[in-house]
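These notes are about the structure you will find just below.
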Amino acid sequence: MSTGKIAVAVGVVGVLLLAALANRPSGTRVKEVDAVLTYVDPATRTLAVKITDPSSNAPLELSGKVPADCDIRVNDDTATLADLHAGDKARIRARLVHADGQSGRHPIADSIYVTR
């Protein structure tokens, strides 16, 4: 491959990377964790979970929002937040975002996969 073609390829990759980063909200991280649901409130679309802190191995309880477009499944079947129960084991993918006027990061679920 010629030097000119390599430079073009590197330039295209750089532009795509910058475009992807520009579309990502500032201060957002995505995490995927195994959890046990401890609280589910379909009316307020909130959820609390217990996980194991990866850095200390200590139990950690977190709560967050579940938007209407969150992909929820129970045993691979499409489900709703009302189908989930405290005690369910789940694999959760969530964005950790800085909320305006609040300190720390707050989880917002992207997907919840429960196995029973």
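The values are calculated or read from the model by the stated rules, or taken from the named source; none is laboratory data. Model, not experiment: these values are computed from the prediction. FYI the Cβ positions are ideal-geometry reconstructions off the backbone, even for glycines, and counts take in every protein chain you see.
Just checking, does the stretch 55-67 include any residue being modelled with pLDDT of 95 or more and within 17 Å of I112 (Cα to Cα)? Looking for residues that are modelled with pLDDT of 95 or more and within 17 Å of I112 (Cα to Cα), one finds at least one in the stretch 55-67, hence yes. Checking each residue of the stretch 75-84 against the condition of being touching a strand residue (DSSP E or B) at 6+ places or on another chain (Cβ under 7 Å) and at pLDDT below 95 gives no match. Within the stretch 105-116, residues that are of a type in the set (S, T, Y) sit with their Cβ atoms under 9 Å from residues that are crowded, with 17+ Cβ neighbours inside 10 Å and in a loop (DSSP other than H, G, I, E, B), at 6+ positions apart or across chains, in these pairs: S111/C70; T115/D88. Which one is surrounded by the most Cβ atoms within 10 Å (Cβ to Cβ) among residues in the stretch 71-100 that are hydrophobic (A, V, I, L, M, F, W, C) and in contact with a Phe, Trp or Tyr (Cβ under 7 Å, 6 or more places away or on another chain)? Looking at residues that are hydrophobic (A, V, I, L, M, F, W, C) and in contact with a Phe, Trp or Tyr (Cβ under 7 Å, 6 or more places away or on another chain), I get A90.
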